[in-house]
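**Q** Pasting a structure here, questions to come.
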Amino acid sequence: MVEIYWFFLICAFWVGACFGSFINAAALRIVRGQDWMSAPSRCFACDKKLTWSRNMPLYGWLRHAGKARCCQANIPIRYFWVEVAAGFILAAHFAVFDAPVTLAFLPFLVLCGIIFLTDMEAFHIPDIASLGGTAIGLLCALAEFPGLPSLTDAIIGGVVGFAMIYAINLFYRLWRGVDGMGFGDVKLMAMFGVWLGPMMLLPILFVASTVGAVAGIGFIIFNQTSGKKAKNGDISTLALPFGCFLVPAALFLHFFDIISLLGLAY
């Protein structure tokens, strides 16, 4: 039985790495404004169509030492680590939960990866991922997929997630005259509310804000010591992509099922 468990765990890692390859390609194409759903895989440098062997996750990068075989362009190490991270995340999800729950949450995990990369790369959370993820989550809740909230809780979570971040951003705008967060963060929290339920929203916001504040202070200190100055001397212009803190916070709290640990389950 132990051997079978490890076999499925390794399979989950490999499937996760394959999805990591898709996440890499999808995020890059979204940032570039290209078709990311139906277009075949191509080299990001010379646009040559990739064969299946060149497109294999992990192996493809390692085989050619981080270079594209078709044009010898350097492939950023980030692509390799995204595949590794996606593999570990899916394997860990399989280990913490079970196969049915992992299958149910697969769209959520993939969309979180895409959102993280696009926000990191271009300060952009695409509607196709956030609003699309919200719609998929509602359908999964309606179908009563394992691990998801009930349809009522999913709807409440979506509305509360949207309204909470929208209200915070509105207050900040009235106070400072500028947006504190992008509207993509508002829709992202609605997606989290649908998939994880309304009780998860405050813990996600607290963890993301705390880590984000620490990172922001470090970012400001680094810019000041390196001679970089904020626009017009206003440190609020030194922006960080908040989605890159919301996504890890949501995944962390989901994995540790913090709501059940606190006895706050629905």
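**Q** Please work out which residue is surrounded by the most Cβ atoms within 10 Å (Cβ to Cβ), limiting yourself to the stretch 16-37 and to residues that are closer than 17 Å to H93 by Cα and in contact with a Leu (Cβ under 6 Å, 6 or more places away or on another chain). Even if it seems obvious, please write down each step before you answer.
**A** Going residue by residue through the stretch 16-37, those that are closer than 17 Å to H93 by Cα are 16-20.
Filter once more, so that each one left must be in contact with a Leu (Cβ under 6 Å, 6 or more places away or on another chain): 16-17.
Working: G16: 28, A17: 23.
Checking each candidate, the answer is G16.
**Q** Just to be sure I understand, how many residues within the stretch 173-202 are open to solvent by 60 Å² or more (accessible area, probe 1.4 Å) and either more than 30 Å from A99 (Cα to Cα) or in contact with a Lys or Arg (Cβ under 7 Å, 6 or more places away or on another chain) (or both)? Outline the logic, then answer.
**A** Filtering the stretch 173-202 down to residues open to solvent by 60 Å² or more (accessible area, probe 1.4 Å) leaves 173-176, 178-179, 183, 199, 202.
Right, trim to either more than 30 Å from A99 (Cα to Cα) or in contact with a Lys or Arg (Cβ under 7 Å, 6 or more places away or on another chain) (or both) and you get 173-176, 178-179, 183.
The total comes to 7.
**Q** Can you find even one residue in the stretch 119-126 that is within 16 Å of G161 (Cα to Cα), touching a Gly at 6+ places or on another chain (Cβ under 9 Å) and either at pLDDT below 95 or open to solvent by 10 Å² or more (accessible area, probe 1.4 Å) (or both)? Walk me through it before giving the result.
**A** First, the residues of the stretch 119-126 that are within 16 Å of G161 (Cα to Cα): 125.
Right, trim to touching a Gly at 6+ places or on another chain (Cβ under 9 Å) and you get 125.
Right, trim to either at pLDDT below 95 or open to solvent by 10 Å² or more (accessible area, probe 1.4 Å) (or both) and you get 125.
Looking through the stretch 119-126, at least one residue is within 16 Å of G161 (Cα to Cα), touching a Gly at 6+ places or on another chain (Cβ under 9 Å) and either at pLDDT below 95 or open to solvent by 10 Å² or more (accessible area, probe 1.4 Å) (or both).
**Q** Further, regarding this structure: Any idea how many residues of the stretch 184-232 are part of a helix (DSSP H, G or I) and modelled with pLDDT of 85 or more?
**A** Total satisfying the criteria: 33.
**Q** Return the total of residues in the stretch 137-156 being over 18 Å from L109 (Cβ atoms), open to solvent by 80 Å² or more (accessible area, probe 1.4 Å) and either touching a residue at least 24 places away in the same chain (Cβ under 8 Å) or β-branched (V, I, T) (or both).
**A** Final tally of qualifying residues: 2.
**Q** Do the conditions hold for R78, that is, is it modelled with pLDDT of 75 or more, touching an Asp or Glu at 6+ places or on another chain (Cβ under 9 Å) and among the basic types (K, R)?
**A** Numbers: modelled with pLDDT of 75 or more: yes; touching an Asp or Glu at 6+ places or on another chain (Cβ under 9 Å): no; among the basic types (K, R): yes.
No, not satisfied.
The values are calculated or read from the model by the stated rules, or taken from the named source; none is laboratory data. Computed from a predicted structure; not experimentally measured. Here the Cβ is made from the backbone with ideal geometry for all residues, glycine too, and neighbour counts use every protein chain on show. Remember, those area values only see protein heavy atoms, side chains included, never the ligands or the DNA or RNA. Shrake-Rupley method; radii C 1.70, N 1.55, O 1.52, S 1.80 Å.
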